[in-house]
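Only one structure is covered here, and it is reproduced in the block below.
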Amino acid sequence: MQSDSPQQRKKPSIYAAPPAEILLLDTPSALEAHIGTARRAVTGRYLEAHAHVQGLVSSWIGVENRVEHRIKSLLPPDERLVPGALYAAIAFLSGAILARHRALPIRAILPPVLGVAAATHFLPKTSANVGDYLGGLEDHYAPEVARVHEVGKAHTRMTWDRLSEGVEGGRARVREGVLAAVERLQGATGLKVREALGVARSIEEKAEKVIEEKIADFEGVVEKTEKKAEEAAKDRVV
């Protein structure tokens, strides 16, 4: 009798056989592929739009910061803006009211002239800073216009100096004529007209000093009232 081989005599394992590995391939359908492509395209467009909007916001914030810095540089710390700006606005509106029945050039020129004159008087440092800034812009972007502007200002300054000299000369001649007439009148009549004019002049100077003192006192009272109002407003806020 033929004996069994060792492999044939091997006993079966008491454990279950390990499961066979099954590899599943996830093959998307055509619809899923189209949906994925569309989703990726939309996501890319959204990211591009978001980056563009963020760039615009950053640019706008930069513009705001530059404008704020420029305005702060134009406003001197020792000059209050509120009263002077109100006076300039009132002068501008007054010019518009005065020129409303005049010719078109006068209606176009008078309000800004009065407004600029009032701003120059009540806000001299701010007006000077604004003028320098506008002059710098003019020199940078329109040098030819700036050159013509400078020539015009030079001619205007020369004309004003000549007018001032003429007015001063006229005043001097009038004063000399009046003094000569007073001397002749005093010599002919014996009246002390010159002394009387001197007394009147001294009285006028005293009256001017009193008026200036009253104006200064009134301004001091107004400043104190404004300070009290500001303190009261701060207390209310607190």
* Structure fact -> Descending packing, highest mean Cβ count within 10 Å first, for 67-76, 14-23, 122-131 is 122-131, 67-76, 14-23
* To do: Can you pull the one-decimal nm distance between simple spin-label points at GLU64 and ARG157, each 7 Å off the Cα toward Cβ?
  => 4.2 nm
* Asked: Which distance in nm do the two modelled labels at THR27 and ALA51 give, with both placed 7 Å along the Cα-to-Cβ direction?
  -> 3.7 nm
* Quick one: length gained pulling GLU168 to GLU223 fully straight, 0.36 nm per residue minus the C-alpha distance? -> 16.0 nm
* Rounded, prolate or oblate: pick one for the stretch 78-141, where a ≥ b ≥ c are the square roots of the eigenvalues of its C-alpha gyration tensor, a/c under 1.5 means rounded, and failing that, prolate if a/b is larger than b/c, else oblate. => oblate
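Every number here is computed from the coordinates shown, using simple stated rules; none is lab data. Model, not experiment: these values are computed from the prediction. No Cβ is skipped: glycine too gets one built from the backbone with ideal geometry, and neighbour counts run over all protein chains shown.
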